[in-house]
Each structure stands twice: as structure tokens, then as C-alpha cells.
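To keep things clear, I will list the structure first and then write my remarks on it.
Coordinate-derived values only; no laboratory data. Given the structure is predicted, the values throughout are model-derived calculations rather than measurements. Glycine also receives a Cβ, built like all others from the backbone with ideal geometry; neighbour counts cover every protein chain displayed.
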Amino acid sequence: VVDALLDGGCSFVALSEHIWRKLGTPALSKSRVWFEDASGRKTQSLGLVPRLRVTMAGFSILLQAHVTQNSPFDILLGQPFFLHTQAQLFHDNEHGNVDLSLIHPLSGVIATFPTRERGQGHGLRVAS
């Protein structure tokens, strides 16, 4: 069970090296990307997990995820996640709540989840 960070500005899905190792170091493709981390440092991913199963409260999808070193997150759900699931964030400005709405790419089932502050996540499950 891991915490996910939603980042619609990131061009890929990233998985921390720590979580990748907890998954038993599934095989990585040689596809690597250069990116700039939050501190402005340029770094390269270790490779790509081509089939990463991500599950939230019974809502399960397969994603590709780049493995990154020294990441301050377990998994970062970037633009591919938002596009694949047609994810939308709904803000309740009165109470400060934010809900995440997803459409399953195969079944069309719509699911909505409340988000939480970092470190108090839902218990997102990942598997290779």
C-alpha cells in the first residue's frame, strides 16, 4: 500500500526506486527519460516498468511507470494517468475538499474518490 501524488503537469508516471524494489524489482525496459526534479536537478530514470497495476478501492488499471531514484513520493501519477482515466479534480472551496473522478478505460465505470493531504492517502495498491 503506497501514497500517490497527483501531478497533471508531469509528462509521465513515476515509481520510486524504493517501491520498485518492494515489488521485487520487476524487469525494466531500456526506455529512460531525462527529467527535472522538484529541486531543479536534471536526472534520468532507471527504466520503465511496462505493466504496473494500480488499484484504488477496487478500481484497477495498468500503467507504464518510469522508476526514479531518490524520489520524495511512492508513485507520481502524471499526465498519462489523467489521460488514460479521464481524471478530473473537483474542488469544494467552501470546505477545502478535493475529489478525484476517474473513468475506467475498459469498462467505462465512473468512480470518485476523496483525496487526502500527503501522507494520509487511501492505500493505493501497485503490482507489476
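Between rounded, prolate and oblate, where does the stretch 1-50 land on the alpha carbon gyration tensor, with a ≥ b ≥ c its root eigenvalues, rounded for a/c under 1.5, else prolate if a/b exceeds b/c? Display every interim value, and only then the final one.
Details: a/c = 1.82, a/b = 1.25, b/c = 1.46.
Taking the square roots of the gyration eigenvalues as a ≥ b ≥ c, the stretch 1-50 is oblate.
Report, to one decimal in Å, the Kirkwood hydrodynamic radius for the chain based on all distinct Cα pairs. Mind dumping the intermediate values first?
Working: mean 1/r = 0.0662 Å⁻¹.
Taking the inverse mean of 1/r over all distinct Cα pairs, the chain comes out at 15.1 Å.
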Choice from Ala57, Ala111, Ala87 showing the highest fluctuation, given a GNM over the chain with Cα pairs closer than 10 Å: Ala57
Point-to-point label distance, Trp34-Arg116, nm (Cα→Cβ direction, 7 Å offset): 3.9
Residues in the stretch 52-80 that a label on Thr25 would reach, taking backbone N under 16 Å of a point 7 Å out along Cα→Cβ: 67-70
